[in-house]
Each structure stands twice: as C-alpha cells, then as structure tokens.
Amino acid sequence: QVQLVESGGGSVEAGTSLSLSCTAPGRPIKYYTMGWFRQPPGKEREFLGTISRSGNLEQHEDAVKDRFAISRDNDKNTLFLLMNSLKPEDTAVYYCAATNRAFPATNAGMYDYWGRGTQVTVSS
C-alpha cells in the first residue's frame, strides 16, 4: 500500500502561480509512474499529467500543457505540479496518483494509489 499526501493548495487570484507537492511517507515513489488529476466541483476527475519513474518522460493534457508542468525529485521522494497563469476554471480538488504501470498512464483507471487531494481555489 502506498500512502500519498498532497500539499500546496490554497486560494489564489487569477493570473498567479501555485506549486503542488505530493509525497509518499515511507515508500519510495521512484518505483511508480506518477500522475496528477483534478476534480472541479460537480465534474468528473480530469487527467492533467503523468511522468515516468525516472522523470525523463512527461505527458500533459492538451488543455493545460502550456500552463502546467509535472516534475519529480526521486531523491526528495516528491512529485510536483507547477501551475502558472491560473484561471477561475482551474478551481478543483487536485490529486496525485501512483501506478505500477509503465509510462504513460493517462486515465484514472490506470492508477493504483491516490492521495486525498488538496483544494485549489482561483478567484477572478
């Protein structure tokens, strides 16, 4: 079992940046393909990005690829999501996830482990 813990969410104004982090206490994330998802109010969970075990390969959802960037630091056992130029429609609960599958893993059904999420609220 892999416990994932997201952090870094909050309430920000449109146009600003925010960086989310995800750690796995007691379990090295280097063994897993990782991903970020979000769930806006009243909507289904959306894929944002995925990154390979070593971090040398990334893939982002087209709708956010110009503003969001997934990265990882396996030495720090941490996954990141840098979000730039935030918009009110980015308001959602953001989740990190881990999977034993090889990269890429682009939909929620491919993931084995999930964090509880962190709320991001963007005001206009």
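The values are calculated or read from the model by the stated rules, or taken from the named source; none is laboratory data. All values derive from a computational prediction rather than experimental measurement. FYI the Cβ positions are ideal-geometry reconstructions off the backbone, even for glycines, and counts take in every protein chain you see.
Points to keep in mind about this one:
- Qualifying residue in segment 66-84 (condition: in contact (Cβ under 8 Å) with a residue 40 or more places away in the chain, touching a helix residue (DSSP H, G or I) at 6+ places or on another chain (Cβ under 6 Å) and closer than 25 Å to Arg27 by Cα): yes
- Of the strands (runs of 3 or more DSSP E) that lie entirely inside segment 5-124, those containing 3 or more residues that are surrounded by 16 or more Cβ atoms within 10 Å (Cβ to Cβ) and modelled with pLDDT of 95 or more span 18-23, 33-39, 46-51, 58-60, 68-73, 78-83, 92-99, 118-123.
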